[in-house]
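Structure first, commentary second.
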Amino acid sequence: MKNLSDLFQSGIERTIYSYSDYMLLMELVVMEQRTTGPKQSDELNHYTKLNLHRMQRLNKTVVLSESLKIAISQIQFPQIWYVLTEAWCGDAAQNIPVLAAIAKLNPLIDIQLILRDENPDIMDEYLTNGGRSIPKLIAVDGEFNEIFNWGPRPAGAQQMLMEYKESAIKPYKEFSEDIQKWYTADKTQSMQKELLVILEGVSVEK
(Lines give C-alpha, C1' and ligand atoms only; values in the text may rest on other atoms or scores of the structure.)
Protein backbone atom coordinates (compact mmCIF):
# COMPACT_ATOMS: atom_id res chain seq x y z
CA MET A 1 0.00 0.00 0.00
CA LYS A 2 1.41 3.38 -1.06
CA ASN A 3 1.91 5.81 1.82
CA LEU A 4 1.35 9.46 0.93
CA SER A 5 2.07 11.10 4.26
CA ASP A 6 5.16 12.87 2.90
CA LEU A 7 3.07 14.25 0.05
CA PHE A 8 -0.02 15.37 1.94
CA GLN A 9 1.78 16.39 5.14
CA SER A 10 4.66 18.12 3.41
CA GLY A 11 4.33 21.33 5.40
CA ILE A 12 2.92 23.16 2.40
CA GLU A 13 -0.07 25.24 3.43
CA ARG A 14 -2.97 24.11 1.28
CA THR A 15 -6.38 25.65 0.74
CA ILE A 16 -8.87 22.85 1.21
CA TYR A 17 -12.56 23.15 0.37
CA SER A 18 -15.49 21.17 1.64
CA TYR A 19 -17.98 20.47 -1.12
CA SER A 20 -20.30 23.24 0.07
CA ASP A 21 -17.39 25.69 0.21
CA TYR A 22 -16.32 24.65 -3.28
CA MET A 23 -19.82 25.39 -4.58
CA LEU A 24 -19.59 28.83 -2.94
CA LEU A 25 -16.23 29.33 -4.67
CA MET A 26 -17.85 28.43 -8.00
CA GLU A 27 -20.60 30.98 -7.39
CA LEU A 28 -18.06 33.63 -6.42
CA VAL A 29 -15.84 33.27 -9.48
CA VAL A 30 -18.87 33.24 -11.78
CA MET A 31 -20.20 36.40 -10.13
CA GLU A 32 -16.79 38.03 -10.58
CA GLN A 33 -16.63 36.83 -14.21
CA ARG A 34 -13.45 34.87 -13.72
CA THR A 35 -12.36 31.31 -13.02
CA THR A 36 -9.91 29.51 -10.74
CA GLY A 37 -6.25 29.07 -11.60
CA PRO A 38 -3.67 31.41 -13.11
CA LYS A 39 -5.05 31.29 -16.66
CA GLN A 40 -7.96 33.63 -17.27
CA SER A 41 -9.94 34.07 -20.49
CA ASP A 42 -13.47 34.76 -21.70
CA GLU A 43 -13.65 31.15 -22.90
CA LEU A 44 -12.70 29.70 -19.50
CA ASN A 45 -15.12 32.08 -17.79
CA HIS A 46 -17.86 30.81 -20.07
CA TYR A 47 -17.06 27.17 -19.25
CA THR A 48 -17.00 28.01 -15.54
CA LYS A 49 -20.49 29.50 -15.72
CA LEU A 50 -21.77 26.42 -17.56
CA ASN A 51 -20.10 24.16 -14.99
CA LEU A 52 -21.78 25.93 -12.09
CA HIS A 53 -25.18 25.30 -13.66
CA ARG A 54 -24.28 21.67 -14.36
CA MET A 55 -23.21 21.06 -10.79
CA GLN A 56 -26.27 22.78 -9.35
CA ARG A 57 -28.46 20.56 -11.53
CA LEU A 58 -26.57 17.38 -10.68
CA ASN A 59 -26.70 18.18 -6.97
CA LYS A 60 -30.47 17.80 -7.29
CA THR A 61 -30.68 14.96 -9.79
CA VAL A 62 -27.89 12.43 -9.07
CA VAL A 63 -29.42 9.08 -8.14
CA LEU A 64 -26.98 6.48 -6.85
CA SER A 65 -27.54 2.83 -7.70
CA GLU A 66 -28.60 0.44 -4.94
CA SER A 67 -25.44 -1.60 -5.45
CA LEU A 68 -23.25 1.46 -4.99
CA LYS A 69 -25.20 2.49 -1.88
CA ILE A 70 -24.51 -0.94 -0.36
CA ALA A 71 -20.81 -0.68 -1.15
CA ILE A 72 -20.68 2.78 0.42
CA SER A 73 -22.44 1.55 3.55
CA GLN A 74 -19.80 -1.15 3.98
CA ILE A 75 -16.99 1.38 4.41
CA GLN A 76 -16.05 0.92 8.05
CA PHE A 77 -12.99 3.09 8.63
CA PRO A 78 -12.40 6.85 8.22
CA GLN A 79 -10.97 7.98 4.92
CA ILE A 80 -10.29 11.26 3.17
CA TRP A 81 -11.20 11.63 -0.49
CA TYR A 82 -8.96 14.36 -1.92
CA VAL A 83 -10.19 15.68 -5.26
CA LEU A 84 -8.00 17.76 -7.56
CA THR A 85 -10.14 20.12 -9.61
CA GLU A 86 -10.56 23.56 -11.19
CA ALA A 87 -13.75 25.54 -11.81
CA TRP A 88 -13.33 25.61 -15.61
CA CYS A 89 -13.09 21.82 -15.98
CA GLY A 90 -16.15 20.24 -17.59
CA ASP A 91 -15.23 16.71 -16.49
CA ALA A 92 -14.96 17.90 -12.90
CA ALA A 93 -18.39 19.50 -13.05
CA GLN A 94 -19.93 16.25 -14.30
CA ASN A 95 -18.19 13.89 -11.86
CA ILE A 96 -17.61 15.68 -8.56
CA PRO A 97 -21.33 15.92 -7.66
CA VAL A 98 -21.41 12.10 -7.73
CA LEU A 99 -18.53 11.95 -5.26
CA ALA A 100 -20.31 14.47 -3.05
CA ALA A 101 -23.49 12.38 -3.14
CA ILE A 102 -21.48 9.32 -2.11
CA ALA A 103 -19.82 11.16 0.78
CA LYS A 104 -23.23 12.21 2.11
CA LEU A 105 -24.17 8.57 2.63
CA ASN A 106 -21.31 7.65 4.95
CA PRO A 107 -19.89 10.00 7.62
CA LEU A 108 -16.59 8.10 7.47
CA ILE A 109 -15.90 9.65 4.06
CA ASP A 110 -14.46 13.17 4.26
CA ILE A 111 -14.37 14.73 0.80
CA GLN A 112 -11.82 17.55 0.45
CA LEU A 113 -11.36 19.51 -2.76
CA ILE A 114 -8.06 21.14 -3.70
CA LEU A 115 -7.22 23.19 -6.78
CA ARG A 116 -4.92 21.57 -9.29
CA ASP A 117 -2.78 24.59 -10.05
CA GLU A 118 -2.23 25.37 -6.37
CA ASN A 119 -1.06 21.81 -5.70
CA PRO A 120 1.35 20.78 -8.49
CA ASP A 121 3.27 18.47 -6.14
CA ILE A 122 0.19 16.28 -5.69
CA MET A 123 -1.01 16.63 -9.27
CA ASP A 124 2.32 15.54 -10.70
CA GLU A 125 2.10 12.27 -8.76
CA TYR A 126 -1.16 11.47 -10.55
CA LEU A 127 -0.66 12.37 -14.18
CA THR A 128 -2.75 10.76 -16.91
CA ASN A 129 -0.67 9.90 -19.97
CA GLY A 130 1.77 12.57 -18.82
CA GLY A 131 -0.90 15.28 -18.51
CA ARG A 132 -2.42 17.07 -15.54
CA SER A 133 -5.92 15.84 -16.26
CA ILE A 134 -8.66 16.48 -13.72
CA PRO A 135 -10.68 15.68 -11.73
CA LYS A 136 -8.50 13.23 -9.87
CA LEU A 137 -9.73 11.44 -6.77
CA ILE A 138 -7.17 10.13 -4.27
CA ALA A 139 -8.60 8.24 -1.30
CA VAL A 140 -6.41 7.78 1.78
CA ASP A 141 -6.90 6.30 5.24
CA GLY A 142 -6.09 7.98 8.55
CA GLU A 143 -2.38 7.25 8.12
CA PHE A 144 -2.35 8.56 4.56
CA ASN A 145 -2.07 5.15 2.95
CA GLU A 146 -3.60 5.29 -0.50
CA ILE A 147 -6.76 3.20 -0.66
CA PHE A 148 -7.50 3.85 -4.34
CA ASN A 149 -7.56 6.60 -6.94
CA TRP A 150 -9.90 7.38 -9.80
CA GLY A 151 -10.08 9.84 -12.65
CA PRO A 152 -10.01 11.96 -14.59
CA ARG A 153 -13.15 10.69 -16.35
CA PRO A 154 -15.11 7.48 -17.01
CA ALA A 155 -13.58 5.08 -19.53
CA GLY A 156 -16.12 5.92 -22.24
CA ALA A 157 -15.36 9.63 -22.10
CA GLN A 158 -11.62 8.91 -21.90
CA GLN A 159 -11.84 6.82 -25.06
CA MET A 160 -13.60 9.68 -26.86
CA LEU A 161 -10.81 12.04 -25.83
CA MET A 162 -8.07 9.67 -26.99
CA GLU A 163 -9.75 9.23 -30.35
CA TYR A 164 -10.16 12.98 -30.72
CA LYS A 165 -6.48 13.58 -29.99
CA GLU A 166 -5.53 11.06 -32.67
CA SER A 167 -7.67 12.66 -35.37
CA ALA A 168 -8.79 16.13 -34.21
CA ILE A 169 -11.10 16.49 -37.19
CA LYS A 170 -13.17 19.20 -35.48
CA PRO A 171 -12.46 22.22 -33.26
CA TYR A 172 -12.04 21.42 -29.55
CA LYS A 173 -15.11 23.51 -28.73
CA GLU A 174 -17.25 21.13 -30.79
CA PHE A 175 -15.59 18.11 -29.24
CA SER A 176 -16.22 19.46 -25.71
CA GLU A 177 -19.90 19.71 -26.61
CA ASP A 178 -19.82 16.07 -27.73
CA ILE A 179 -18.33 15.05 -24.38
CA GLN A 180 -21.03 16.93 -22.48
CA LYS A 181 -23.71 15.20 -24.58
CA TRP A 182 -22.11 11.88 -23.65
CA TYR A 183 -22.32 12.77 -19.97
CA THR A 184 -25.94 13.84 -20.31
CA ALA A 185 -26.90 10.56 -21.98
CA ASP A 186 -24.86 8.49 -19.52
CA LYS A 187 -26.55 10.01 -16.43
CA THR A 188 -23.46 9.29 -14.25
CA GLN A 189 -23.95 5.52 -14.64
CA SER A 190 -20.48 4.78 -16.03
CA MET A 191 -18.75 6.58 -13.20
CA GLN A 192 -20.95 4.86 -10.63
CA LYS A 193 -20.14 1.44 -12.08
CA GLU A 194 -16.40 2.14 -12.05
CA LEU A 195 -16.52 3.31 -8.44
CA LEU A 196 -18.59 0.28 -7.48
CA VAL A 197 -15.92 -2.05 -8.87
CA ILE A 198 -13.22 -0.12 -6.98
CA LEU A 199 -15.10 -0.09 -3.67
CA GLU A 200 -16.00 -3.75 -3.88
CA GLY A 201 -12.37 -4.55 -4.61
CA VAL A 202 -11.21 -2.55 -1.61
CA SER A 203 -13.80 -4.35 0.55
CA VAL A 204 -12.48 -7.74 -0.58
CA GLU A 205 -8.89 -6.69 0.17
CA LYS A 206 -9.86 -5.55 3.65
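Tabulated results
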| read-out | value |
| --- | --- |
| Rounded FRET efficiency, nearest 0.05, which uses the C-beta distance separating Lys60 from Leu127 and R0 of 30 Å | 0.35 |
| Given 16 as the ceiling on other Cβ atoms within 10 Å, longest exposed-site-free region of the chain for GluC sites (Glu not before Pro) in DSSP loops | 33-124 |
| Residues of segment 25-49 with amide N under 12 Å of the 7 Å Cα→Cβ point at Lys173 | 42-44, 46-47 |
| Residues of type aspartates and glutamates that Lys170 reaches as a straight line, Cα spacing below 18 Å, ignoring anything fewer than 8 places off in the same chain | Glu43, Asp178 |
| Heavy-atom surface of segment 1-58, accessible at 1.4 Å and reported per residue (Å²) | 64 |
| Taking the C-alpha atoms of segment 91-206, convex hull volume expressed per residue in Å³ | 124 |
| Whole-number Å³ per residue for the convex hull built on Cα positions in segment 73-141 | 91 |
| Contact order relative to length of segment 14-161, as percent, for alpha carbon pairs under 8 angstrom and 6 or more apart | 26 |
| Met23, Met31, ranked by accessible area, largest first (probe 1.4 Å) | Met31, Met23 |
| Label-point separation, His46 to Lys104 (7 Å along Cα→Cβ), nm | 3.2 |
| Label-zone membership for segment 28-43, site Glu118, 7 angstrom Cα→C-beta point, backbone N under 12 Å | 36-38 |
| All lysines inside 29 Å of Lys2 as judged from Cα atoms, apart from same-chain residues fewer than 8 positions distant | Lys69, Lys104, Lys136, Lys193, Lys206 |
| Accessible-area value, Arg34, 1.4 Å probe, nucleic acids and ligands omitted, Å² | 80 |
| Exposure rank, largest accessible area first [Asp110, Asp91; 1.4 Å] | Asp110, Asp91 |
| Relative contact order %, segment 18-95, counting alpha carbon pairs below 8 Å whose residues are six or more apart | 37 |
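The values are calculated or read from the model by the stated rules, or taken from the named source; none is laboratory data. Source: prediction; values computed, not measured. Cβ atoms come from the backbone with ideal geometry, glycine included; neighbour counts cover every protein chain shown. All accessible areas refer to the heavy atoms of the entire protein, side chains included, with ligands and DNA or RNA removed. Shrake-Rupley method; radii C 1.70, N 1.55, O 1.52, S 1.80 Å.
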